[in-house]
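All of the numbers you see were taken from the coordinates with simple rules; none came from a lab. Please read these numbers as outputs of a predicted model, since none were measured by experiment. Glycine gets a Cβ as well: all are built from the backbone with ideal geometry, and neighbour counts include every protein chain shown.
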């Protein structure tokens, strides 16, 4: 049974950047996501840094009465760790950080970012694809069309035969938190249901980011 609401989503792994983007629209989008998480009682699980859009989304969660958990690599200077979090988890390295974030989350969401964000996103997608991975929905918040080129690239990969349309549909995309979480909740696998491999949970097309809410 699929659900069409997000009341079963209690924790969200958010992949985002440690740099402050030049265009303030991306910071505003991170703040909007943080506010959304707090208002809906969803715990933020993120990289723990007190810089860039990591700070923006965490501050928005905390300022709106939400809960924020940071998973911070031991190899990074502790001065970069956000000081106001509800919980800080120290990971041995970046690989363990990704694993711990995924373990603690019900869904995964990537904000606009760079190499680290992309690595976390594709790692979550690759694990979602295989049977021995996980069954958690993965999505991107497509602020100001940032991920348009990525979605076009995935469509190109489908057209050239490297990616199946079903696997491409594992990545959910939307321009607002409200629409994105509706799409993520629609592919959430509940306890006791099918194991949620791509055959059962993947859509057959790459999402149209300009699609209007259902």
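Full extension of the chain between residue 153 and residue 176 yields a length gain of 6.2 nm, computed as 0.36 nm times the residue separation minus the alpha carbon distance. By the count of neighbouring beta-carbon atoms within 10 Å, fewest first, 122, 36, 181 end up ordered 122, 36, 181.
Extending 7 Å from the Cα toward the beta-carbon at both residue 122 and residue 64 defines two label points whose distance is 3.1 nm. Name the residues of region 33-52 whose amide N is less than 11 Å from a point 7 angstrom out from the Cα of residue 88 along the C-beta direction? Taking a point 7 Å out along Cα→Cβ of residue 88, the residues of region 33-52 whose backbone N falls under 11 Å are 48-50. Name all residues of region 32-49 having a backbone nitrogen under 19 Å from the label point set 7 Å from the Cα of residue 19 along its Cα→Cβ direction, giving them as ranges. What the label zone holds, given the 19 Å backbone N cut-off, is 47-49.
Taking the Cα atoms only, what angle lies between the long axis of helix 115-129 and the longest principal axis of the chain, rounded to 10 degrees? Helix 115-129 sits roughly 40 degrees off the main axis of the chain. One Cα centroid belongs to region 104-138, the other to region 1-74; the line between them spans 15 Å.
May I ask you to sort 51, 27 by Cβ crowding, counting other Cβ atoms within 10 Å and putting the fewest first?
Values: 51 14, 27 21.
Going from least to most buried by this count: 51, 27.
Ranked by how many other Cβ atoms sit within 10 Å of their own Cβ, fewest first, the residues 9, 130 fall in the order 130, 9.
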